[in-house]
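Just below is one structure, and these are the notes that go with it.
The values are calculated or read from the model by the stated rules, or taken from the named source; none is laboratory data. For clarity, every value in this text was computed on a predicted model and none was experimentally measured. Here the Cβ is made from the backbone with ideal geometry for all residues, glycine too, and neighbour counts use every protein chain on show.
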Amino acid sequence: MDAVVPEISTNVALTDMNTLRVSASAAYFCRLSSVDRVQPVLQFARARGLTVTALGGGSNLVLAGDIKGLVVVLDIKGIDVLASGDERLDVRFGAGECWHTTVEHCLDQGWYGLENLSLIPGNMGAAPIQNIGAYGVELSDLFVSLDAIEIATGQPRVFNREDCEFGYRDSVFKQRLQNQYLITAVTLRLSRQPQININYPALKDALGGLQASPQQISDAVCQIRQQKLPDPAITANVGSFFTNPIVSEEQALSLISLHPNMPWHVQPDGRYKIPAAWLIEKCGFKGQRYGNVSVHQHQALVLVNHGGTGLEVLVLADKIVQAVADEFGIDLVIEPRVYGRE
Ligand code: FAD
Ligand code: NAP
């Protein structure tokens with residue numbers, strides 16, 4: 001315990017705070033439930049030259065080793081309606097709100113738009129980092145702004161949608177502003193009228209192609225996910241380990257001529273998105289185990305940890321990247337963020 005900043009503890013095990021269940025620790029750790037406490041904590045880190053890493057539910061990161069700096073869990077709660085009209089309303093959510101509980105809360109209130117994103121693990125504060133998306137909807141479709149604090153200076157800053165430079169499972173916070181801000185709240189624009197989006201094939205099939213209520217969409221998404229994806233509470237994983245590659249039309253057409261069964265989806269900009277799971281399966285990895293880590297038997301995008309280290313998971317990921325590059329000339333990109341390599 002530190003006399004000035006009582007929330008800070010030392011040598012804290014992170015094993016139960018990352019869904020890959022990698023055994024690693026943080027040299028300094030704190031859990032903050034109020035924005036007011038962020039400044040003293042950042043001052044503590046600055047005074048000691050510590051790196052600061054934000055941690056949410058730990059469902060999209062790999063701990064490659066112990067973290068020598070300070071890990072901060074922003075457990076800031078709160079759901080506040082900022083502006084409300086007949087059609088739409090803007091709601092600010094604290095960074096520590098659980099994502100799926102928030103989706104359920106919004107449905108209960110008759111605030112629509114989040115149903116396709118049901119059952120994504122993690123917290124609100126992490127949702128903008130990779131512009132979470134599933135079943136045809138992305139966070140950026142509903143995003144208004146976020147409140148953040150710059151780690152280096154302690155300065156507060158509001159980011160609007162343009163500032164976040166959202167892309168496919170991407171944002172400025174995974175690129176040039178990586179690890180530079182703590183997100184304390186996210187504001188979303190929700191609808192008072194159901195916003196039905198069932199164009200995504202798996203969802204349309206599950207609903208039998210019929211019109212559905214937002215609650216039915218949420219239930220269907222939960223059901224598909226529970227059938228297809230390993231539950232991180234039982235099977236240690238971080239969801240998709242790679243993003244789906246997006247390639248030029250020229251490269252896609254050349255690959256399709258060589259592999260006529262390869263699935264693809266044309267993007268609005270004319271490029272082609274290729275499912276990474278198909279590429280990995282074609283390279284023979286699906287269901288294979290390598291020591292303490294494996295590729296899930298039903299979902300080749302998911303790497304499973306059976307008591308191994310973060311480095312073992314990353315070695316398997318590198319092996320997959322290399323094989324897909326050799327076979328298809330496509331460079332897969334790892335989706336979760338890697339920490340503890342310093
Ligand atoms: P963490 O893993 O704790 O952190 C992820 C990154 O965000 C880290 O870089 C961390 O430093 C940063 N971060 C966290 N909180 C803050 C904050 N307050 N301020 C600044 N930076 C912060 N993702 C999808 O997009 N779509 C899916 O459908 C999906 N399905 C998944 C299914 C499973 C079974 C699993 C295990 C994961 C899935 N994911 C999916 C990935 C993951 O759930 C999301 O990316 C989620 O947003 C991560 O939230 P988290 O709180 O666990 O973040
Ligand atoms: P799926 O339905 O088997 O589809 C395979 C891939 O094809 C998906 O990744 C999807 O890309 C793409 N796709 C399918 N139909 C499409 C369409 N009509 N237009 C454009 N792209 C299309 O996928 P899944 O693995 O079961 O996952 C279902 C959804 O949950 C996906 O949206 C996926 O992204 C999301 N998910 C994400 C994670 C994660 O950790 N990031 C984990 C599990 C599930 P998109 O990924 O762009 O949708």
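Structure values in brief
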item	result
Complete set of residues in the range 99-116 that are in contact with a strand residue (DSSP E or B) (Cβ under 8 Å, 6 or more places away or on another chain), without any contact (Cβ under 8 Å) to a residue 60 or more places away in the chain and within 12 Å of ligand 1 (Cβ to nearest atom)	W99, T102
Residue identified as within 13 Å of ligand 2 (Cβ to nearest atom), of a type in the set (S, T, N, Q) and either exposed (fewer than 13 other Cβ atoms within 10 Å of the Cβ) or not in a loop (DSSP other than H, G, I, E, B) (or both) among Q223, Q216	Q223
Per-region count, the range 131-145, residues free of Cβ contacts under 8 Å to residues at least 60 places away in the same chain and near ligand 1 (Cβ under 9 Å from one of its atoms)	5
Checking G110 against (1) surrounded by fewer than 19 Cβ atoms within 10 Å (Cβ to Cβ); (2) farther than 17 Å from Q193 by Cα, the condition it does not meet	(2)
Residue within the range 132-155 that is in a strand (DSSP E or B), aliphatic (A, V, I, L, M), surrounded by 16 or more Cβ atoms within 10 Å (Cβ to Cβ) and within 16 Å of ligand 2 (Cβ to nearest atom) present	yes
All positions within the range 191-213 that are closer than 16 Å to L114 by Cα, surrounded by fewer than 19 Cβ atoms within 10 Å (Cβ to Cβ) and either modelled with pLDDT under 95 or not basic (K, R) (or both)	S191, Q193, P194, Q195, I196, N197, N199, Y200, S213
All positions within the range 88-102 that are under 21 Å from I198 (Cα atoms) and either surrounded by fewer than 21 Cβ atoms within 10 Å (Cβ to Cβ) or of a type in the set (K, R) (or both)	R88, H100
Pair list, Cβ under 8 Å, 6 or more apart: the range 226-245 residue without any contact (Cβ under 8 Å) to a residue 60 or more places away in the chain and part of a loop (DSSP other than H, G, I, E, B), other residue of a type in the set (G, A, S) and near ligand 1 (Cβ under 7 Å from one of its atoms)	none
Candidate set: the range 269-317, residues that are of a type in the set (D, E, K, R) and not in a loop (DSSP other than H, G, I, E, B); chosen: the one nearest to ligand 2 (Cβ to nearest atom)	K273
Residues that are among the hydrophobic types (A, V, I, L, M, F, W, C), farther than 24 Å from A236 by Cβ and in contact with a Ser or Thr (Cβ under 6 Å, 6 or more places away or on another chain), drawn from the range 62-92	I76
Looking only at the range 318-342, and only at residues there that are part of a strand (DSSP E or B) and within 16 Å of ligand 2 (Cβ to nearest atom), the one that is farthest from I132 (Cα to Cα)	V338
Residue pairs meeting the criteria (Cβ under 8 Å; at least 6 apart or on separate chains; first at positive phi, in the range 278-292; second among the charged types (D, E, K, R))	G291/E312
Test set (1) exposed (fewer than 14 other Cβ atoms within 10 Å of the Cβ); (2) closer than 19 Å to R225 by Cβ - H296 fails condition number	(1)
Pairs with Cβ under 7 Å, 6+ apart, first in the range 170-193 and closer than 20 Å to R337 by Cα and without any contact (Cβ under 8 Å) to a residue 40 or more places away in the chain, second among the acidic types (D, E) and within 12 Å of ligand 1 (Cβ to nearest atom)	Q180/E150; Y181/E150
Search result, residues across the range 310-333 that are crowded, with 17+ Cβ neighbours inside 10 Å, within 18 Å of the chain's Cα centre (by Cα) and either of a type in the set (G, A, S) or under 29 Å from L253 (Cβ atoms) (or both)	G310, A317, L332
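For every residue, the table says whether it meets (1) at pLDDT below 95; (2) under 23 Å from L332 (Cα atoms); (3) within 21 Å of the chain's Cα centre (by Cα).
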residue	(1), (2), (3)
Q130	no, yes, yes
E165	no, yes, yes
Y168	yes, yes, yes
A185	no, no, yes
